[in-house]
1. From the P(r) of the range 72-121, can you give the percent of Cα pairs sitting at distances over 14 Å?
2. For the range 58-161, state the average projected area of the convex hull of the C-alpha atoms over all orientations, rounded to one decimal in nm².
3. Scan around Leu96 for amide H atoms under 5 Å from its own, H built in the peptide plane at 1.01 Å from N, and keep only partners 5 or more places away or cross-chain.
4. Where in the range 88-114 does the label zone of Arg150 land, with the point 7 angstrom along Cα→C-beta and an amide N cut-off under 13 Å?
5. Once amide H atoms are placed 1.01 Å from N in the peptide plane, what residues at a sequence separation of 5 or more from Arg87, or on another chain, have their amide H within under 5 Å of its amide H?
6. Modelled label-to-label distance, Arg97 and Gln80, 7 Å Cα→beta-carbon offset: nm?
Amino acid sequence: MTGGATVRRPTRLAVAASAVAIAFAAAFASAALAGAGLPLTPLASLRSTVQAPEGGIAASPADTLQELYPRLAACWEVPQGLAGFPRTEITARFALRRDGSVIGEPRITFSMQNADQRGRDILTRSTLDAIRRCTPVAITPALGAAIAGRPIALRFIYQGPQGQGV
């Protein structure tokens, strides 16, 4: 991204975007295009995975879902003690207000890691803490209006020490 201050995040991770949020944004965009008399095209995919950039996140407000997910993922780091495991995944579900703040309490809907109950608790706590640290997230009024109150599923994927990608 160009311009603005950046925040450095050393952990490489991928974030899978929620199909519900992407489908909603696509419907929102389609309605806007239809109102403008432009042709509509079907979605190529309702699923998207983005790589949180290592170089940092631009300080300007997110205007699209593709800009939003890396900003939300930027605060997550692999918890101490789990960094040596080969693959860790966790999905949190939550909703945002128009101003980018969280509505209610985020919920963990899925986790996969090679750890005991204590490890799962650490992973859950670190994920919920990351969402708290990254919110309110800076979003434009248009994106805020499009996603306010809609469920967002944010999946954090850590590939392990080798970071072999998704």
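Read the figures in this text as sums done on the coordinates, not as results from a lab. The shown structure was predicted, so the numbers you read here are calculated from the model rather than taken from an experiment. Methodologically, a virtual Cβ is constructed for each residue, glycine included, from the backbone with ideal geometry; neighbour enumeration extends over all protein chains shown.
1. Across the range 72-121, Cα pairs with separations above 14 Å total 61 percent.
2. Projected area, direction-averaged: 6.4 nm².
3. So Leu96 has HN proximity to Ile103, Gly149, Arg150.
4. Answer for this model: 95-98.
5. Excluding prolines and chain starts, which carry no amide H, the hits are Asn114.
6. Inter-label distance under the simple model: 3.4 nm.
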